[in-house]
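Encoded as C-alpha cells, the structure appears first; notes follow it.
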Amino acid sequence: MLQRLPDDGSRRELLRGELISAFPVNPRHGRVVGRLSARVVDYAFENDLGEVYVGDTGWRLERSPDTVLAPDIAFVQKDRLAEVNEAGFPETYPDLVIEVLSPSNTAAEMMMKLGIYSSCGVAAVWIVEPAREVAEIHRKGQPLRRLGLDDALEDPDLLPGFSLTLRDLFRRRKSEQ
C-alpha cells in the first residue's frame, strides 16, 4: 500500500496499518540529523562496520497489519547486509535505530515505535531530543541510559570506538552564539 502512494514529496510511515504523515521539520532538527548522520556514516564506512541508511528508508517491521517505519538514521552491521533487499522495503530490521525527535512526535508514538523496534530485533535505539539537548539510549537487556550534554552517544557492540558527546552534537557555530 505505502509503495503505491503517489510520490508527492510527503514522508509517510505505516504504523500497524495506519498511515502516518510526517511534517517538515525545523532547522535545528535538520542540523542535528545531518551532523549525526554524517558522523555515523563516516565512522561505519571508514571502519568497514556496515551500512547506514538515512532519511526516508522504510523498513517493513511487522505484517498484518503492516508497519513500515523510516527512522532518521538506521545502521545494519556488515554481516547482516545480505538481508537488506534494496529494491523495496527491507523485510528485516536495522541493528541500530536513531530517532531525532521533532515537535510533531508524540510520547505515545515514540513508545509504540520503541516497542516495535524492540520486538522485531533492533539491538539499540537512540532517541535524541534537540529541543532539550538530551538523549536516551535504549538497548535490549540493559537499563535505559539518559544522556546530558557531557555524555556520549556510543555503542561498543555495534559501533566499537564511536563516541560523540551531546555537547559536540548540539554545539552551535560561534557566529550563532
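Restricted to strands (runs of 3 or more DSSP E) entirely inside the range 117-177, those with at least 1 residues that are open to solvent by 60 Å² or more (accessible area, probe 1.4 Å) are 145-147. The requirement of being surrounded by 14 or more Cβ atoms within 10 Å (Cβ to Cβ) and of a type in the set (Lys, Arg) is satisfied by Arg80.
Listed by first and then second residue, the pairs linking a residue in the range 115-126 that is more than 11 Å from Asp95 (Cβ to Cβ) to a residue that is of a type in the set (Gly, Ala, Ser), with Cβ atoms under 7 Å apart and 6 or more places separating them unless they lie on different chains, are Trp126/Ala135. Residue pairs whose Cβ atoms lie under 9 Å apart, separated by 6 or more positions or on different chains, with the first residue in the range 97-111 and touching a residue at least 12 places away in the same chain (Cβ under 8 Å) and under 21 Å from Phe170 (Cα atoms) and the second among the polar types (S, T, N, Q) and open to solvent by 20 Å² or more (accessible area, probe 1.4 Å), are Glu99/Asn105; Ser102/Asn26; Pro103/Asn26. Over 28 Å from Pro27 (Cα atoms) and modelled with pLDDT of 95 or more, is that true of Leu149? No, not satisfied.
Summed over the range 83-106, residues that are among the acidic types (Asp, Glu), surrounded by fewer than 20 Cβ atoms within 10 Å (Cβ to Cβ) and in contact with a strand residue (DSSP E or B) (Cβ under 7 Å, 6 or more places away or on another chain) total 1. Output the residue which, of all residues in the range 27-74 that are surrounded by fewer than 13 Cβ atoms within 10 Å (Cβ to Cβ) and in a loop (DSSP other than H, G, I, E, B), is nearest to the chain's Cα centre (by Cα). Per the stated criteria, the residue is Gly55. So for the range 6-15 (the condition being at pLDDT 65 or above and surrounded by fewer than 17 Cβ atoms within 10 Å (Cβ to Cβ)), does at least one residue qualify? No: zero hits. For the range 79-95, does any single residue satisfy the condition of being within 20 Å of Ala44 (Cβ to Cβ), in contact (Cβ under 8 Å) with a residue 40 or more places away in the chain and charged (D, E, K, R)? Yes; the residues of the range 79-95 include at least one that is within 20 Å of Ala44 (Cβ to Cβ), in contact (Cβ under 8 Å) with a residue 40 or more places away in the chain and charged (D, E, K, R).
The values are calculated or read from the model by the stated rules, or taken from the named source; none is laboratory data. Since the structure is predicted, the reported quantities are computational estimates derived from the model, not experimental observations. Glycine gets a Cβ as well: all are built from the backbone with ideal geometry, and neighbour counts include every protein chain shown. The area values use the complete protein model at the heavy-atom level, side chains included, leaving out ligands, DNA and RNA. Shrake-Rupley method; radii C 1.70, N 1.55, O 1.52, S 1.80 Å.
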